[in-house]
Structure formats: structure tokens, C-alpha cells
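The values are calculated or read from the model by the stated rules, or taken from the named source; none is laboratory data. Here the structure is a predicted model, which is why all the values come from computation and not from measurement. Every residue, glycine among them, receives a Cβ derived from its backbone with ideal geometry; neighbour counts consider all protein chains shown.
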Amino acid sequence: MIETLIAVDDPRRKSVPENLDRLKNIDLIWMLVHALKVPEAPMWVGYNSLIIRDNCPKQQIAYLTPINVSPTATNVVLETMKQSQKIAEECNATYMPVTYDLAIAKVAMQLQSTEKL
């Protein structure tokens, strides 16, 4: 699925949250805590995780079993792609995002264009 960015003049970019003043105060408190060098004060992400209730479902991140061969070897890339497809099927997903570095991604793209994956 490919999505495009919303236009600069799109009205959604101009919406202001109803609780903007409250959020500004929360930000100010964090800045004051750090300016006063309060011991064990969390950094920004930790601070927000303490005060914001996030009811979103947690994502699961998994790593494939390490394969002790060159990661750019065609058979290795093909195996990782097949394992990823299997995991997607187990999760009832139509696809599974996979991250490769450029050298491995080039091999994966070649495989996708020649193999029926």
C-alpha cells in the first residue's frame, strides 16, 4: 500500500487540539525539571510514557533465527523472505514488513522480480 503525503494547505494540518494549553504546561514542567536538574528525571520519551495513557495495542517485533552464512547470499535472502511470508500467514496478515540494508535489499528485489514470491 502506497500513501501520499497530505498537501501543505490541507485543513488537517491546521487543526489545533482542544487540550493544547494542557499539553504546553506538561511540556513546560518537563523543561523546568531538567533546568532544575532534578535527580533521576526521565528524558522526554520516558517522561511522556509516565504521564500519557496509551491504549493502543502493543506491536510484537521478532527476529528470524540467525543464519551463519553471508547475508547477501541469494539462498539466504530467499530463505528470509520465505520465513517472513510464513510468519505473515501465521498472523493472518497479507504481508509482513521486512527491513534489509541496501546490499541485501538489492538481492531481495532481484528475487522478487524473478521468483514467484
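Is it true that some residue in the range 78-86 is of a type in the set (A, V, I, L, M, F, W, C), farther than 30 Å from Asp27 by Cβ and either exposed (fewer than 13 other Cβ atoms within 10 Å of the Cβ) or not assigned by the TED database to the domain that holds Asp27 (or both)?
Keep residues of the range 78-86 that are of a type in the set (A, V, I, L, M, F, W, C), which gives 78, 81.
Of the ones still in play, those that are also farther than 30 Å from Asp27 by Cβ are 78, 81.
Right, trim to either exposed (fewer than 13 other Cβ atoms within 10 Å of the Cβ) or not assigned by the TED database to the domain that holds Asp27 (or both) and you get 78, 81.
Taking every residue of the range 78-86 in turn, at least one turns out to be of a type in the set (A, V, I, L, M, F, W, C), farther than 30 Å from Asp27 by Cβ and either exposed (fewer than 13 other Cβ atoms within 10 Å of the Cβ) or not assigned by the TED database to the domain that holds Asp27 (or both).
Any residue in the range 44-73 that's closer than 18 Å to Leu28 by Cβ: show its pairings with residues that are surrounded by 10 or more Cβ atoms within 10 Å (Cβ to Cβ) and not hydroxyl-bearing (Ser, Thr, Tyr) at Cβ separation under 6 Å, as long as the two are six or more apart or on different chains. That search, which allows pairs on different chains as well, returns Tyr47/Trp30. Just one of the numbered conditions (1) farther than 16 Å from Leu64 by Cα; (2) within 20 Å of the chain's Cα centre (by Cα) is not true of Gln110: (2).
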